[in-house]
Each structure stands twice: as C-alpha cells, then as structure tokens.
Amino acid sequence: MTQRPVGFVEITPEDSRAQMISHGLPDVVADGIVGSMCRPSRGHGRTPQDTVEVVTGLVPRRFRHWALAHRDALTRPSANW
C-alpha cells in the first residue's frame with residue numbers, strides 16, 4: 001500500500017505488558033489489553049459477529065480496505081508515533 005517495508009517483531013505477552021506499564025499504563029489496563037490480544041490465539045474471536053453493524057449501522061470492512069482509504073493520513077511525515 002505504501003511501497004515501504006514494514007518491520008514486525010513479535011514479543012511475548014509478558015514483554016508487551018511490561019512495555020505498556022513502563023510507558024505509564026496502569027497494571028490493570030495493561031492486563032486487560034494483553035488479555036484481549038491473546039484471546040484470538042486461544043480461539044476466541046474467530047467467528048465473525050455483527051456487532052460493528054449493529055452498533056454503528058455500517059457494514060464492517062477488512063483492515064486492508066480501511067488502511068487504503070486512509071493511506072494519505074497514515075503515510076504523512078507528521079505521523080511520528
């Protein structure tokens with residue numbers, strides 16, 4: 001999409017939690033985020049749900065479609081996280 005390479009480094013849930021806490025997140029928030037991110041690896045979330053459409057009235061779309069629609073905002077030099 002951007003024609004630039006994107007790196008990916010997988011880290012353990014424990015390291016992820018520690019990094020979040022080191023950046024100021026409360027323990028309980030980091031635990032919640034890590035717990036929710038680990039759910040798919042345990043089989044949760046694999047069955048599509050209609051929650052997005054019920055709550056927003058919009059048909060959900062794949063991440064790729066959303067990213068392409070927002071490519072300009074995502075590739076602006078000012079997006080330095």
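The number of residues in region 1-26 being over 17 Å from the mean Cα position of the chain (by Cα) and assigned to a loop (DSSP other than H, G, I, E, B) comes to 8. Taking region 46-61 as the range and being loosely packed, with under 10 Cβ neighbours inside 10 Å and on the phi < 0 side of the Ramachandran plot as the test, the residues that pass are ARG46, THR47, PRO48, GLN49, ASP50, THR51, VAL54, VAL55, THR56, LEU58, VAL59.
For region 32-74, filtering for residues that are of a type outside the set (Gly, Ala, Ser), closer than 27 Å to ALA18 by Cβ and at pLDDT below 85 leaves 6.
The values are calculated or read from the model by the stated rules, or taken from the named source; none is laboratory data. Here the structure is a predicted model, which is why all the values come from computation and not from measurement. Reconstructed Cβ throughout: ideal geometry from the backbone, glycine too, with neighbour counts over all protein chains shown.
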